[in-house]
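J.: Please read through the structure below; I'll follow up with questions.
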Amino acid sequence: MTTTEAVEQIRGWFSGRLPEGWFEGPPDVVLDREEVSVVGRLPEPATAGDVSPAERSAVLAGHIQRFREDTRDQRIAIAREAEHRFGHKVSWGGACGDQREMFTTLSVPVMTRLRQPERRVLDTLVDAGVARSRSDALAWCVRLVGTNTDEWLGELRTALEYVERARAAGPTP
C-alpha cells in the first residue's frame, strides 16, 4: 500500500468513526512513520463576529480549548482504536478561524551526524538563547526550513507520491 493510499484509508476511517458534528468537513490527516495527526476544523462561534482582533483571537482559542476538554474521553477511546488498527500513535488538534492548535504530539528522537560547521550553527543558537539545547536548535532549524520552503516541500511530496505509484504498479520480486 502506498503512503497516499494509507492516508486515504486512515482519513476515511476517521471520517466514518468520528461523531457527527465534531468538525466542519473531514479532518486533516497527516501520516508519518510514527504518528497520525488528526486536526478538525471547528465551526466559528457566533461571538467571534464583530469584535476586536484581540477578543476574536481569545474567543477562538477558548472555543478550541472547550472542544479539547469536552471531547477528551471520546478522543482517547478513538485514538486507542486507531492505534490498534493502524499501528501508529494518534495526535489530535483543532482549527478554528485562523487559529490551529495541536493538543497532543509525539516528540521522536532522530539520529543525525553533523560536522563541525553544522554543530557550530546549533551552538550559536544555544549561546544566543534561541534554543535550550542542540536538540531544540535542530528542531528550530527544521521548522524554519519548513516554513520558508513549504511550496518546494509540497512539490517534493507530490513527486514522491508518483514514485510510490510507479513502484506499486511495477513487477513484484
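Each value in this text was obtained by applying a stated rule to the coordinates, not by laboratory testing. Note that the structure is predicted; figures quoted are calculated from it, not measured. Note that each Cβ is placed from the backbone with ideal geometry, even for glycine, and that neighbours are counted across all protein chains shown.
J.: Could you tally the net charge around GLN9, taking each other residue with its Cβ under 13 Å from the Cβ of GLN9, Lys/Arg +1 and Asp/Glu -1?
T.: Working: positive: ARG11, ARG17, ARG85; negative: GLU5, GLU8.
Its environment carries a net charge of +1.
J.: What is the distance, in nm, between label points placed 7 Å from the Cα along the Cα-to-Cβ direction at ASP150 and at GLU83?
T.: My value for the distance between the label points is 3.0 nm.
J.: Here's another thing I want to ask about it. What base-10 log of the normalised intensity I(q)/I(0) is obtained for region 51-138 from the Debye formula, alpha carbons as equal point scatterers, at q = 0.21, 0.23, 0.26 Å⁻¹?
T.: -0.94, -1.01, -1.17
J.: Report for the chain the percent antiparallel among DSSP-assigned beta bridges with both residues inside it, nearest 5.
T.: Values: 8 of 15 bridges.
Of the beta bridges lying entirely in the chain, close to 55 percent run antiparallel.
J.: Let me ask something else about it. Mind giving me the FRET efficiency for GLU69 and GLN116? R0 is 41 Å, r the Cβ-Cβ distance, nearest 0.05 is fine.
T.: Values: r = 48 Å, r/R0 = 1.16.
Result of the calculation: an efficiency of 0.30.
J.: Express in % the proportion of alpha carbon pairs of region 105-173 at distances exceeding 14 Å.
T.: Working: 1681 of 2346 pairs.
Of the Cα pairs, 72 percent sit more than 14 Å apart.
J.: Sticking with this structure for a sec: Specify the residue with the greatest mean-square fluctuation among ARG17, ARG134, ARG56, computed from a Gaussian network of the chain linking alpha-carbon atoms under 10 Å apart.
T.: The residue that fluctuates most here is ARG134.
J.: Separation between the GLU8 and GLN99 pseudo-spin-labels, each 7 Å from Cα along Cα→Cβ, expressed in nm?
T.: 3.6
J.: State the Cα centre-to-centre distance between region 125-173 and region 1-75 in whole Å.
T.: Rounded to whole Å, the Cα centres lie 23 Å apart.
J.: Could you sort the peptides 58-68, 72-82 by per-residue average Cβ neighbour count (10 Å cutoff), highest mean leading? Write down the numbers at each step before the final one.
T.: Values: 58-68: 16.8, 72-82: 14.0.
Going by the mean number of other Cβ atoms within 10 Å, highest first, we get 58-68, 72-82.
J.: Determine the sum of side-chain charges near GLU164: Lys and Arg each +1, Asp and Glu each -1, restricted to other residues whose C-beta is under 11 angstrom from that of GLU164.
T.: +1
J.: To the nearest 20 debye, what charge dipole does the chain have about its Cα centre, counting +1 at the Cβ of each Lys and Arg and -1 at the Cβ of each Asp and Glu?
T.: On the way: 23 positive and 27 negative charges, 144 e Å.
So the magnitude is around 700 debye.
J.: Same structure, new question: Taking 45 Å as R0, compute the FRET efficiency from the Cβ-Cβ separation of GLU164 and ASP50 and round it to 0.05.
T.: Numbers: r = 48 Å, r/R0 = 1.06.
Efficiency computed from Cβ-Cβ geometry: 0.40.
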